[in-house]
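Trainee: This structure is in structure tokens; I'll ask about it shortly.
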Amino acid sequence: MKDKAILTYDGKSYELPVIHGSEGDKAIDITNLRKDIGLTTFDPGFGNTGSCKSSITFMDGDKGILRHCGIPIEQLAEHSSFVETAYLLINSELPKKDELERFSSMLNDHSLVHEDMRSFFENFPRRAHPMGILSSMVNSLMAFYPEIPEKTEDEQINITFARLLSKVRSLAAMSYKISRGHKLVYPSNRLSYCANFLNMMFDSPVRPYVIEEDLVHALNVFWILHADHEQNCSTSAVRLVGSARVNIYAAISAGVAALWGPLHGGANQAVIEMLQLIYDSGGDITPFIAKAKDKNDSFRLMGFGHRVYKTYDPRAKIMKKMCDTVLKQQKKNNPLLGIAKRLEEVALKDSYFIEHNLYPNVDFYSGIVLTALGIPRNMFPVMFAIGRLPGWISQWRESIDDPHWRLHRPRQVYIGAKKRDYVPIDKRV
Ligand code: SDX
């Protein structure tokens, strides 16, 4: 029997279909609400609104579950590589050995950035934030690689996906080198995806970069933890911009821009700056906890809270462990980690955080790992963007392939002035 909800309005009852997800999630289908009843729904921030049906990522915010194509994030973080997880997200299945080899080799084939793009970098101010540069450069890729097949089942589309996954990583390293006035380091086909990035970032003519497997592993896990997260703000931006049938580079560029925000992917940079501020002010967390709870203070405990997770973000658990592992391997200490752990310990016992279901999210510990990798703070959101690329690509592909694809165009409730006449300027008081 078809599940349904009954809406009673203005003395009449209406049946609305209820659709069931494969993991038990349910949604009232309001597709015909306005046509049948003349009503729209009102849901600022879309906290209760499903924008699509998707088979890519499943999250249970109450239980702290995150799975990609059914595989728990904990297993991917332990056993997979970022390239393999990217393949899974884009193709819905883990690759066989030959498929993974072909995919990796395709990424190598498309890692070089067109030399004419170098001049774009040289004209950005040195202090420009790398996320603004990245969003512009991703958009510019369309000018150099306009051949995108109409249909996503065309094998050629994989070249476009490979260009994004591989060139965005190269563009990120290029923006860092140029911002430092350093010589560019080209990608090398003899290095893995993650080792290549670290080499492009840190190799130099005077001191060749020594690839350390511990750091390569940490980067793989870091990017796996960021790879997709269902309909978050930046992914919704990619889907919304993509719904106008603009090219994928423009849609992904919009995703980069949305991710830049400190409430979203920019939070990883905001967290480390907050921890540094606490450290520089003597390390006492009490006033900062009080500010976070103060309704009249705009300060928020960055890296805490989540629209979906109302328990510990499963990615944060893995990231927290990785902090200890990487620092131990590198024989390094980072006093900001101690501050972060104390903040977590105090907050999780505080009634405000408990009542508001505020727990560490993926961004709370990630900056400690990135610092151990030598990544500069203003590059932290860029690292999130590179990790999220396979998620954006897979979500874009799913929306393009959706037989019910429609231009995204939300409605509103108008609360402005009622009809009135134009007043000539000499009659305005
Ligand atoms: C990411 O969506 C995704 O999946 C995103 C992401 C992904 O992988 O794509 O997981 C990545 O963006 C993680 C979130 C990173 N952002 C931050 O860490 C910034 C700090 N966190 C918040 O600003 C906030 O928690 C959000 C933006 C993450 C979620 O906010 P919501 O769901 O819109 O909730 P809200 O802002 O309406 O807050 C609800 C209440 C409010 O108090 P009341 O007015 O109800 O009394 O909780 C309070 C807020 O003041 N609150 C916080 C808080 N977060 C929420 N109070 C203090 N510190 C915080 N961090």
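The values are calculated or read from the model by the stated rules, or taken from the named source; none is laboratory data. Note that the coordinates shown come from a computational prediction; the quantities given were computed from them, not determined experimentally. Note: ideal-geometry Cβ built from the backbone for every residue, glycine included; neighbour counts use all protein chains shown.
Trainee: Tell me yes or no: at least one residue of region 193-203 is under 22 Å from L141 (Cα atoms) and either of a type in the set (A, V, I, L, M) or within 16 Å of the ligand (Cβ to nearest atom) (or both).
Mentor: Checking region 193-203: at least one residue is under 22 Å from L141 (Cα atoms) and either of a type in the set (A, V, I, L, M) or within 16 Å of the ligand (Cβ to nearest atom) (or both).
Trainee: Look at L407 and say whether it is more than 16 Å from the ligand (Cβ to nearest atom), surrounded by fewer than 20 Cβ atoms within 10 Å (Cβ to Cβ) and touching a residue at least 12 places away in the same chain (Cβ under 8 Å).
Mentor: When the stated conditions are applied, L407 passes them.
Trainee: Could you tell me whether L198 is touching a residue at least 60 places away in the same chain (Cβ under 8 Å) and assigned to a helix (DSSP H, G or I)?
Mentor: Yes: the conditions hold for L198.
Trainee: Look through G374, G416 and report the one residue that is in contact (Cβ under 8 Å) with a residue 12 or more places away in the chain and more than 20 Å from the chain's Cα centre (by Cα).
Mentor: Answer to the selection: G374.
Trainee: If you don't mind, another one. Quick one: in region 235-280, which of the residues that are part of a helix (DSSP H, G or I) and of a type in the set (S, T, Y) is farthest from the ligand (Cβ to nearest atom)?
Mentor: Y249
Trainee: Which number in (1) polar (S, T, N, Q); (2) farther than 22 Å from Y312 by Cα; (3) part of a loop (DSSP other than H, G, I, E, B); (4) out of contact with any Asp or Glu (no Cβ under 9 Å at 6 or more places or on another chain) marks the one condition that T49 misses?
Mentor: The failed condition is (4).
Trainee: Find the residue count for region 292-321, including only residues that are among the polar types (S, T, N, Q) and either closer than 22 Å to N232 by Cα or more than 12 Å from the ligand (Cβ to nearest atom) (or both).
Mentor: Selection size over region 292-321: 1.
Trainee: May I ask you to list pairs of residues, at least six apart or on different chains, whose Cβ atoms are under 7 Å apart, with the first in region 291-307 being under 23 Å from G64 (Cα atoms) and at pLDDT 95 or above and the second being assigned to a loop (DSSP other than H, G, I, E, B) and within 6 Å of the ligand (Cβ to nearest atom)?
Mentor: Short answer, once both residue conditions are applied: G303/N361; F304/L358; F304/N361; G305/L358; G305/N361; H306/N361.
Trainee: Can you name every residue in region 292-326 that is part of a loop (DSSP other than H, G, I, E, B) and either more than 15 Å from D363 (Cα to Cα) or over 24 Å from the mean Cα position of the chain (by Cα) (or both)?
Mentor: Within region 292-326, D294, K295, N296, D297, S298, F299, K310 qualify.
Trainee: Of the residues D324, D363, which single one is more than 11 Å from the ligand (Cβ to nearest atom), closer than 16 Å to A218 by Cα and either buried (at least 21 other Cβ atoms within 10 Å of the Cβ) or of a type in the set (D, E) (or both)?
Mentor: The match here is D324.
Trainee: Being away from the ligand (no atom under 12 Å from the Cβ) and touching a His at 6+ places or on another chain (Cβ under 9 Å) is the filter here; which residues of region 366-381 pass it?
Mentor: Hit for region 366-381 is N378, nothing else.
Trainee: Assuming L16 fulfils every condition listed in (1) within 16 Å of the ligand (Cβ to nearest atom); (2) surrounded by 13 or more Cβ atoms within 10 Å (Cβ to Cβ) apart from one, which condition is it?
Mentor: The one condition L16 does not meet is (1).
Trainee: Output the helices (runs of 4 or more DSSP H) that fall wholly within region 87-154 and possess 3 or more residues being surrounded by 14 or more Cβ atoms within 10 Å (Cβ to Cβ), or say none.
Mentor: 97-109, 130-144
Trainee: Looking at (1) away from the ligand (no atom under 12 Å from the Cβ); (2) over 22 Å from E398 (Cβ atoms); (3) not basic (K, R), can you tell me which one F288 breaks?
Mentor: (1)
Trainee: Which members of region 328-382 meet the condition of being under 23 Å from D203 (Cβ atoms) and among the small types (G, A, S)?
Mentor: Across region 328-382, the qualifying residues are A372, G374.
Trainee: For region 333-359, which residues satisfy the criterion of being closer than 15 Å to D313 by Cβ and small (G, A, S)?
Mentor: Answer for region 333-359, where residues must be closer than 15 Å to D313 by Cβ and small (G, A, S): A340, A347.
Trainee: Given (1) on the phi < 0 side of the Ramachandran plot; (2) surrounded by fewer than 15 Cβ atoms within 10 Å (Cβ to Cβ); (3) within 9 Å of the ligand (Cβ to nearest atom), identify the lone condition not met by A347.
Mentor: Among (1) on the phi < 0 side of the Ramachandran plot; (2) surrounded by fewer than 15 Cβ atoms within 10 Å (Cβ to Cβ); (3) within 9 Å of the ligand (Cβ to nearest atom), A347 violates only (2).
Trainee: Continuing with this model, one more query. Does region 279-291 contain any residue that is crowded, with 22+ Cβ neighbours inside 10 Å and either farther than 13 Å from F364 by Cα or in contact with a helix residue (DSSP H, G or I) (Cβ under 9 Å, 6 or more places away or on another chain) (or both)?
Mentor: No, region 279-291 has no match at all.
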